[in-house]
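Below is one structure, written out as structure tokens, with a few remarks after it.
The values are calculated or read from the model by the stated rules, or taken from the named source; none is laboratory data. For clarity, every value in this text was computed on a predicted model and none was experimentally measured. Heads up, the Cβs are rebuilt from the backbone with ideal geometry, glycines too, and the neighbour counts pull from every protein chain shown.
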């Protein structure tokens, strides 16, 4: 008989290869920075007056979250406790997809664009909202034509 150079199930092998490539892309650096797929998930955007950051971290105590802004680097760190039964209890865990443990996310901001004294943070319904005011010199202004 003839023997193929490909595995028996070519489509399963292609699917495996695609998953491995996707994981490599998701954990590698991107044009927007490193950390895609990390915890907490982030949305970063802005207005003319401020930079707005939303960190999606449900189930955390706001006192366990630390936010720092130093030289244009915003750091969000903390720890999420595991909600699994203890080792001494007679229970089996079949699937555990929820992240537990220490976390740290870092966002680089233009240092000359943000005002470190104009930072506010609020945690509500599992979403940490951080608003950082822009410097007056970095805000766009309309120039009238004479």
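Okay, here's what the table says:
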| read-out | value |
| --- | --- |
| Single residue of region 92-111 satisfying the filter (in a loop (DSSP other than H, G, I, E, B) and in contact (Cβ under 8 Å) with a residue 40 or more places away in the chain) that is farthest from residue 130 (Cα to Cα) | 99 |
| Qualifying residues in region 35-61 (those that are within 9 Å of the chain's Cα centre (by Cα) and assigned to a loop (DSSP other than H, G, I, E, B)) - the one modelled with the highest pLDDT | 40 |
| Tally, over region 83-106, of residues that are closer than 21 Å to residue 66 by Cβ and exposed (fewer than 12 other Cβ atoms within 10 Å of the Cβ) | 2 |
| Any hit, region 114-134, residues being more than 21 Å from the chain's Cα centre (by Cα), more than 17 Å from residue 65 (Cα to Cα) and not in a strand (DSSP E or B) | no |
| Of the criteria (1) over 14 Å from the mean Cα position of the chain (by Cα); (2) at pLDDT below 75; (3) within 27 Å of residue 133 (Cα to Cα), which one residue 89 fails | (3) |
| Region 107-146, subset exposed (fewer than 10 other Cβ atoms within 10 Å of the Cβ) and under 15 Å from residue 49 (Cβ atoms), residue modelled with the highest pLDDT | 117 |
